[in-house]
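Below is one structure, written out as structure tokens; the observations come after it.
Please treat every number below as a calculation from the coordinates, not as lab data. Predicted model only: the values in this text are computed from it and were never measured. Cβ: placed from backbone, ideal geometry, glycine included. Neighbour counts: every protein chain shown.
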Amino acid sequence: MTAPVIGVLALQGDVREHLVALRAGGAEAVTVRRPAELADVDGLVVPGGESTTMAKLADRFGLLGPLRDAVRGGLPAFGSCAGMIMLADRVLDAPADQQTVGGLDVVVRRNAFGRQVDSFETEVEVEGVPGGPVHAVFIRAPWVEEVGPGVEVLGRVVGGPADGKIVAVRQGRLVATSFHPELTGDSRVHAMFVGLVRAILARDLSSDGAGVGAGSEGRVSL
Amino acid sequence: MTQNDPSTPDLPTGTGTGTGTDRVKRGMAEQLKGGVIMDVVTAEQARIAEDAGAVAVMALERVPADIRAQGGIARMSDPDMIESIIDAVSIPVMAKARIGHFVEAQVLQALGVDYIDESEVLTPADEAHHIVKTDFTVPFVCGATDLGEALRRIAEGAAMIRSKGEAGTGNVVEATRHMRALRRGILTLGNLDETELFVAAKELRAPHDLVVEVALTGKLPVVLFTAGGIATPADAAMMMQLGAEGVFVGSGIFKSGDPAQRAAAIVQATTFFDDPAVVAKVSRGLGEPMVGINVSTLPESERYATRGW
């Protein structure tokens, strides 16, 4: 099988680390800064970075509309940290005019864990990622405050002041983490997303998209 | 140190946990990449910077151009002023401590700033020693004019490096010199064998393990930004093409005719640094840039880049 082509939104942030992790996870990884480049990818990663900056640049360069259309049209997407904020339908503690791509029926709180001195790393068990907990790096990270009915919680913080907070979610073709799997050298979360993109490509090819949600891959509903 | 290095994602999973780890400090800088960090002196300026798309602001009492003009001792800013900026924006807030002034750094950490710049723009507090940055939870960025200086700062715990340039001049020539020197230093190490790397470490006056790491990876173990004299979108794009991973703009924005528009233009030119059509488009109608100083006419005592050891 040929590798799926996954784009990394390259307006600002830790783009390079996501490209490396996606390649390790089995994808062909490319950068996306223009609407035309978005049209050529099978999946999209919205990286870590500064969500206010990313949203403003996306808006100024006419990318926000195409991003929203693509995600609404079924483009699989994975966001880490700022990327989670960009994929969220609702954001707390953001400037009043902050725009997002949306698609994930969640409420995300920006900088929820505190300032940089509160940034930390720990282990988080992520559903759908085999091989034990992932090492999770939280940097001025958001958390998910509320999830809509179609959203699956994949991971929570265990222990400490933020015990039980939701930090990994999935809704159909969208995955988001509060933390940065791209900073650890462990590409399992990216491999899970690449697997999701592969499954969707296979499904869309075999049924022209009509079979969404009725899979043979066990609990994975696309 | 290598194990906690976020810039080499092919390394095995680390085991560090908690706050203030190398990975958390360096990882914070990774999130700023491709962005512009702007000097601001008031909450109002901080809001303009955030609105223009800055990835962070640097809170300080006087921009370098004013420090030059007014003279005297330049110190850490008033905590009230830093707090007012922290309250005004949701993006990260950095602040400057004097070289070697570890108590200013302790104060800034207590105030909750997100990054400390141990900066040659302020008057040095110690003429031999820099702050031992590994002692802190908050990460530090430090200036460097060449590879040896960058690696000495990283050995002390700097989690991010910026080329020094010559702050407050609006003249990009020194930033160019330092970016080229850093790049040349890195490229040179890549061509040396194991035996030669011992000599290189001696000549660079830098720890051997860091010298070997740079030789193997072809890059600094931390994020590299540029600073000092960047005044136009084209300046920012040129520094990015020379290998900078992001840009600090000090006096260049709020000493210009139309700060909001210039700030937004520099942000866009930094993202599309390799697309001259975009740089041309955003460079139109920006009004007056800051006036600028010819660096070659600056007496040695007024050159900030020579501060730091």
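Computed values, structure above
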{"quantity": "Single residue of B:V278, B:V249 found to be in contact (Cβ under 8 Å) with a residue 60 or more places away in the chain, touching a helix residue (DSSP H, G or I) at 6+ places or on another chain (Cβ under 8 Å) and under 22 Å from A:S51 (Cα atoms)", "calculated": "B:V249"}
{"quantity": "Members of region B:26-41 that are part of a helix (DSSP H, G or I), within 12 Å of B:A56 (Cβ to Cβ) and in contact (Cβ under 8 Å) with a residue 60 or more places away in the chain", "calculated": "B:M28, B:A29, B:L32"}
{"quantity": "Residue that is farthest from B:G35 (Cα to Cα), among those in region B:257-273 that are surrounded by fewer than 23 Cβ atoms within 10 Å (Cβ to Cβ) and in contact with an Asp or Glu (Cβ under 9 Å, 6 or more places away or on another chain)", "calculated": "B:G257"}
{"quantity": "Hits in region B:106-126 (condition: among the hydrophobic types (A, V, I, L, M, F, W, C) and either assigned to a loop (DSSP other than H, G, I, E, B) or within 12 Å of another protein chain (Cβ to nearest Cβ) (or both))", "calculated": "B:L108, B:A110, B:L111, B:V113, B:I116, B:V121, B:L122, B:A125"}
{"quantity": "Restricting region A:29-43 to residues that are closer than 9 Å to A:L9 by Cβ and within 13 Å of another protein chain (Cβ to nearest Cβ), the residue that is surrounded by the most Cβ atoms within 10 Å (Cβ to Cβ)", "calculated": "A:V32"}
{"quantity": "Yes/no for B:A69 being over 30 Å from A:Q98 (Cα atoms), surrounded by fewer than 24 Cβ atoms within 10 Å (Cβ to Cβ), among the aliphatic types (A, V, I, L, M) and touching a Gly at 6+ places or on another chain (Cβ under 8 Å)", "calculated": "no"}
{"quantity": "Filter result for B:A158 (crowded, with 19+ Cβ neighbours inside 10 Å and over 30 Å from B:A69 (Cα atoms))", "calculated": "no"}
{"quantity": "Residue in region A:66-81 that is under 30 Å from B:A269 (Cβ atoms) and surrounded by fewer than 16 Cβ atoms within 10 Å (Cβ to Cβ) present", "calculated": "yes"}
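Residue by residue, here is whether (1) at positive phi; (2) free of Cβ contacts under 8 Å to residues at least 40 places away in the same chain; (3) of a type in the set (V, I, T); (4) away from every other protein chain (no Cβ under 13 Å) holds:
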residue	(1), (2), (3), (4)
A:V45	no, no, yes, yes
A:T52	no, no, yes, no
A:R60	no, yes, no, no
A:L92	no, no, no, no
A:Q99	no, no, no, no
A:V117	no, yes, yes, no
